[in-house]
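Below is one structure; the comments refer to it alone.
The values are calculated or read from the model by the stated rules, or taken from the named source; none is laboratory data. Since the model is a prediction, treat every value here as computed from it, not as a measurement. Please note: Cβ atoms are built from the backbone with ideal geometry, for glycine as well, and neighbour counts cover all protein chains shown.
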Amino acid sequence: MANTAEIKVTADALDKAAPKRHARKQDPAAILRWILLMGGGILMVLPIVYMLSTSLKWPHEIYNLSIFPDEPTLDNYAYVLEDGRFYMWFVNSLIIAVITTVSAVLFDALVGYTLCKFEFRGRLIVFVAILSTLMIPTEMLVIPWYLMAKNFGWLDTYWGIMFPGIMTAFGTFLMKQFFESVPNDFLEAARIDGLNEFQIWWRVAMPMVKPALAALAIFIFLGNWTAFIWPLIVTNSPELYTLPVGLTTFSVEQSVQWELIMTGAALATIPTLIVFLVFQRFIIRGVVMAGLKG
Amino acid sequence: MSFYANLTIKQKQVVWAWTFLSLPILFYCVIRFYPTLNAITLSFQEWNLLGDRTWAGVDNYAKLFADPVFWKVFKNTFIYLLLGTPVSLVLSFLVAYHLDKVRFMHGTIRALYFLPFMTSAVAMAWLWRWFYQPVPIGLFNNALASVGIPQFPFLSSTTWALPSILAPAVWAGLGFQIIIFMAGLRAIPQTYYEAARIDGVGPWTILWRITLPLLKPTIVFLVVLSSIGFLRIFDQVFNMTSNNPGGPLNSTKPLVLMIYETAFDSFDMGYAAAQTVVLFVILLAVSLAQLYIMRDK
């Protein structure tokens, strides 16, 4: 699609307020537009608000439509967290998402860099081969992965959950695009200074694509944090569940105690909501950067 | 090391390149290409995980195409796509188009629309499942009841269950599409609009003749991305119908759920592999259609 420089421009433009061309006088249509947009936005977050509010309600109150609980209680949270399972699933999810993200970002950057900056026979073949794996859906691979995990004893292990995602073709492609913007002169100068190729990649090239690395990291982390079908297949024991898989089991168990299910759902959602509220601009920028290259 | 020291700079680079690529090449061969071939091979075999893998020719495919459940599932999968993609694209374009012209609290409004994108589909599936419960539990039916409307059979009706499951998927994806559309809108040079305005062209014509044609790459990108997403829908269905997966009466079952059940409930691995190959072909067709549409660019 568009080249890297353009993407940067549009990603930056998103941060700024809308351009001046629209700063006409406040006519009624503009006010109506604002009200409708704001109303729609509130409607968008209302489901999440109801989830949080219900998690603070007593069982007899969940039938009540009001957003604010009459007598807010943290009892649901105390009950859900009591047996420590949610804590365990949270830690599992965090460990898996962090390791996978670090691994994928490093390897994707290394491969993207190699395919972008080195000249060697077979470069195009390797690139096309990696790119072609983007066409293969995860769902087609889960059965062979399951058989592989079963044969190697990877079922019910962290590694079993992580191994399919330690490198991504999407990230490789993204990083290759971004390394195009690193001038070869810089790399050549470092070569003359006596740095070896690994040092040039790590100390010269990598710092120049930091925004792209961050964007990729956000995308991969979010993908792993919410991943469901593969962790569901590869784990059997509750000690190894990730948060989404644990939440499914927990909710099925509770069946009709919706205030407890909402509490579980809230526990799975609150961490990413906090991260989003803190790094909002940064995350939206990253998603645009990564998204436009996908 | 003396061997390395005698190489020219070019040759050293080749050594480094293949060193950097060695682990990744191993990964892509073992974790991507081999499993792909394995899935295709398995689709021509019969295997229940315990006994031997035996060749079955095209039996699995023949069985699949003769299976009324498959055609039901096939239809469902495309209803998810044909309903989800247009609805989510029109909604997100409308929001992006207008939000682009708003300055007051622009960032806040954008964040409100984007927030659901940050949630996990599983948590949101359970949240919406609660909304859809009958009176007196579900939020929607309670709200309807409070204005005197009899309860609506969201998840229990064979007609309405599928759109009800689709709704949270559309809702959660909207924020992403909105910001991609807004990036696309910002990339259109201002001079086009100025020229049109000088020529006295109305806003409606500007939208149809300038904005939408110039947004074509963005639109195609989002159509393909959301199509692939809806064709692969699973998390929402699995969690919202966990008491009767894909129900009522298979009316919400998508292809991925059928694959999951065939492989991991019935352990009919060959049959499941054949289903994944069908999914692969469908997704490939969608991607190739994108390349075809974009070729004149």
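Return yes or no: is A:TRP145 within 29 Å of B:PHE264 (Cα to Cα), part of a helix (DSSP H, G or I) and within 8 Å of chain B (Cβ to nearest Cβ)?
yes
Mind checking which residues of segment B:205-249 are part of a helix (DSSP H, G or I), crowded, with 17+ Cβ neighbours inside 10 Å and among the hydroxyl-bearing types (Ser, Thr, Tyr)?
Correct list: B:THR211, B:THR218, B:SER226, B:SER227.
When you go through B:PHE140, B:PHE176 one by one, which is the residue that is under 30 Å from A:LEU52 (Cα atoms), assigned to a helix (DSSP H, G or I), within 25 Å of the chain's Cα centre (by Cα) and within 12 Å of another protein chain (Cβ to nearest Cβ)?
When all the criteria are applied, what remains is B:PHE176.
Among the residues of segment A:53-84, count how many are surrounded by 16 or more Cβ atoms within 10 Å (Cβ to Cβ), of a type in the set (A, V, I, L, M) and either at the interface with chain B (Cβ under 10 Å from one of its Cβ atoms) or closer than 16 Å to B:ALA143 by Cα (or both).
Number of matching residues: 1.
Can you confirm whether segment B:255-272 contains a residue that is in contact with a Lys or Arg (Cβ under 8 Å, 6 or more places away or on another chain), at pLDDT 90 or above and under 29 Å from A:VAL288 (Cβ atoms)?
The answer is yes, given that some residue of segment B:255-272 is in contact with a Lys or Arg (Cβ under 8 Å, 6 or more places away or on another chain), at pLDDT 90 or above and under 29 Å from A:VAL288 (Cβ atoms).
Can we say B:ILE79 is hydrophobic (A, V, I, L, M, F, W, C) and under 30 Å from A:GLY246 (Cα atoms)?
When the stated conditions are applied, B:ILE79 passes them.
Let me confirm something: among B:LEU83, B:LEU127, B:LEU112, B:LEU91, which residue is crowded, with 22+ Cβ neighbours inside 10 Å, in the same structural domain as B:PRO254 (by TED's automatic domain parsing) and in contact with a helix residue (DSSP H, G or I) (Cβ under 8 Å, 6 or more places away or on another chain)?
B:LEU127
Among the residues of segment B:116-135, are any at negative phi, more than 11 Å from every other protein chain (Cβ to nearest Cβ) and of a type outside the set (S, T, N, Q)?
yes
Working carefully through the options B:LEU7, B:LEU49, B:LEU23, find the one that is assigned to a helix (DSSP H, G or I) and in contact with a helix residue (DSSP H, G or I) (Cβ under 8 Å, 6 or more places away or on another chain).
Checking each option against the conditions leaves just B:LEU23.
Name the single residue, out of those in segment B:221-247 being within 17 Å of A:THR226 (Cβ to Cβ) and among the aromatic types (Phe, Trp, Tyr), that is nearest to the other protein chains (Cβ to nearest Cβ).
Checking each candidate, the answer is B:PHE234.
I'd like the full set of residues that are among the charged types (D, E, K, R), more than 23 Å from A:ASN236 (Cα to Cα) and either in contact with a strand residue (DSSP E or B) (Cβ under 8 Å, 6 or more places away or on another chain) or within 11 Å of chain A (Cβ to nearest Cβ) (or both), limited to segment B:252-297.
Within segment B:252-297, B:LYS297 is the sole residue that qualifies.
Scanning for something surrounded by 18 or more Cβ atoms within 10 Å (Cβ to Cβ), modelled with pLDDT of 90 or more and out of contact with any Phe, Trp or Tyr (no Cβ under 7 Å at 6 or more places or on another chain), does segment A:22-33 turn up at least one residue?
no
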